[in-house]
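First up is the structure itself, then whatever we jot down about it.
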Amino acid sequence: YSGVIFDFLLLNRKIIFYTPDIKNYKKNPGLYFDTEKLRIGPTVKNIKELMKELKTKPKYKHRNEINKFRKQIFKSENCFENIMKLIK
C-alpha cells in the first residue's frame, strides 16, 4: 500500500489501515507486512468504517506493538531519536 506508515511511526501519529481491496493486493503485487497481524492500528475495509475511525481519538491499546514495530524498522535506538531531533 503506502510508505506513509513509516512517517507516522516516526511522528507517533495514529495509523489506520484502509484496506478495501486487500484480497487482490495480497496476490499482486503482494505485501511486505500483513496489516492485520501487525496490530499497530485498526484495519478498516470500507469508507463508513474509515470515517468512523477518523472521528475517534487514538487509543493507545496498540502502544506496545507500535514500539516493537518501530524498533524492528528503525533498528538503532539512536536512529529514531536522531530523526526526531532533526524534525523538531
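Points to keep in mind about this one:
- Pick from the stretch 33-62, criterion of a type in the set (A, V, I, L, M) and open to solvent by less than 100 Å² (accessible area, probe 1.4 Å), ranking: nearest to N12 (Cα to Cα): I40
- When the helices (runs of 4 or more DSSP H) confined to the stretch 22-82 are screened for residues that are modelled with pLDDT of 75 or more, those reaching at least 3 such residues are found at 22-27, 47-55, 63-73.
- For the stretch 13-40, a residue qualifies if it is within 19 Å of K75 (Cβ to Cβ) and touching a residue at least 12 places away in the same chain (Cβ under 8 Å), and the qualifying residues are L38, I40.
- Residues of the stretch 41-53 satisfying the condition of being free of Cβ contacts under 8 Å to residues at least 12 places away in the same chain and acidic (D, E): E49
- Residues of the stretch 1-12 satisfying the condition of being touching a residue at least 60 places away in the same chain (Cβ under 8 Å) and either of a type in the set (V, I, T) or open to solvent by 40 Å² or more (accessible area, probe 1.4 Å) (or both): F6, L11
- Checked against the criterion of being surrounded by fewer than 17 Cβ atoms within 10 Å (Cβ to Cβ) and under 13 Å from the mean Cα position of the chain (by Cα), the stretch 16-31 has no qualifying residue.
The values are calculated or read from the model by the stated rules, or taken from the named source; none is laboratory data. Bear in mind that the values here come from a model prediction, so they are computed numbers and not experimental data. Note that each Cβ is placed from the backbone with ideal geometry, even for glycine, and that neighbours are counted across all protein chains shown. Accessible surface is based on the protein model in full, side chains and every heavy atom, while ligands, DNA and RNA are left aside. Shrake-Rupley method; radii C 1.70, N 1.55, O 1.52, S 1.80 Å.
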